[in-house]
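The structure appears below as structure tokens.
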Amino acid sequence: MTEDAVRARQGVFFALAAYSFWGFAPIYFKSVQQVPAFEILAHRIIWAFILVFILIVGLKRLNRLKPIIRSPKMMFRLTVATCLLGGNWFLFIWAVNANHMLDASLGYYINPLLNVAIGMAFFQEKMRRLQLFAIGLAIVGVGIQVVTFGSVPWVALALASSFAIYG
């Protein structure tokens, strides 16, 4: 198996693991719903920082941080991405704890459509006829869900757009 094939397989595995974890996250957030969403988010940030720092040090990659820290442009980009990510996490945690699971779920159905739109608008991605048909079906399905929802799904739109922008 080529190195590219191995990396592709690893990518699929890691993607499935991440999405599975994210799928079970609401169960955890519901179990700690008495804790304010901001506090849950703060714990996620702190513990993620500690874990990543340990990994960076353990893998002896600390030297890779120096050029990033010294680049104001890169630090600005990372700060913007961090704010979008933190806002997305906060909104998701809040939605779960405030019994807005439908909003949160709908946001993650809308997100791939936004990703496609961004790809087409900003990266000149071209869709084949069958892909456009599939996208059309997805838009109809999401549209039906939005109409069934009964009002503008602000939480869903905020989750979808923040995830599309930073992701």
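The values are calculated or read from the model by the stated rules, or taken from the named source; none is laboratory data. Given the structure is predicted, the values throughout are model-derived calculations rather than measurements. Note that each Cβ is placed from the backbone with ideal geometry, even for glycine, and that neighbours are counted across all protein chains shown.
Would you check if there is a residue in segment 90-107 being within 15 Å of the chain's Cα centre (by Cα) and farther than 23 Å from Q145 by Cβ? Yes, because at least one residue in segment 90-107 is within 15 Å of the chain's Cα centre (by Cα) and farther than 23 Å from Q145 by Cβ.
Inclusion of A42 among residues that are at pLDDT 95 or above, of a type in the set (G, A, S) and within 23 Å of the chain's Cα centre (by Cα) is warranted. If you go through segment 30-60 and keep only what is of a type in the set (G, A, S) and either under 12 Å from I93 (Cα atoms) or surrounded by 10 or more Cβ atoms within 10 Å (Cβ to Cβ) (or both), you end up with S31, A37, A42, A48. Quick one: is N63 assigned to a helix (DSSP H, G or I) and surrounded by 11 or more Cβ atoms within 10 Å (Cβ to Cβ)? No; evaluated as a whole, the condition is false for this residue. In this structure, is V80 surrounded by 17 or more Cβ atoms within 10 Å (Cβ to Cβ) and either outside any loop (DSSP other than H, G, I, E, B) or in contact with a Ser or Thr (Cβ under 8 Å, 6 or more places away or on another chain) (or both)? Considered against the rule, which asks whether it is surrounded by 17 or more Cβ atoms within 10 Å (Cβ to Cβ) and either outside any loop (DSSP other than H, G, I, E, B) or in contact with a Ser or Thr (Cβ under 8 Å, 6 or more places away or on another chain) (or both), V80 comes out as no. Is at least one residue of segment 41-49 touching a helix residue (DSSP H, G or I) at 6+ places or on another chain (Cβ under 9 Å), touching a residue at least 24 places away in the same chain (Cβ under 8 Å) and hydrophobic (A, V, I, L, M, F, W, C)? There is at least one residue in segment 41-49 that is touching a helix residue (DSSP H, G or I) at 6+ places or on another chain (Cβ under 9 Å), touching a residue at least 24 places away in the same chain (Cβ under 8 Å) and hydrophobic (A, V, I, L, M, F, W, C).
Within segment 13-29, no residue satisfies the criterion of being farther than 23 Å from N99 by Cβ and exposed (fewer than 10 other Cβ atoms within 10 Å of the Cβ).
Is it the case that segment 128-150 has a residue that's outside any helix (DSSP H, G or I) and farther than 28 Å from S31 by Cα? Within segment 128-150, one or more residues are outside any helix (DSSP H, G or I) and farther than 28 Å from S31 by Cα. Count of segment 114-167 residues, restricted to those that are surrounded by 12 or more Cβ atoms within 10 Å (Cβ to Cβ), under 16 Å from A104 (Cβ atoms) and not aromatic (F, W, Y), is 15. Among the residues of segment 151-167, those that are polar (S, T, N, Q) and assigned to a helix (DSSP H, G or I) comprise S161, S162.
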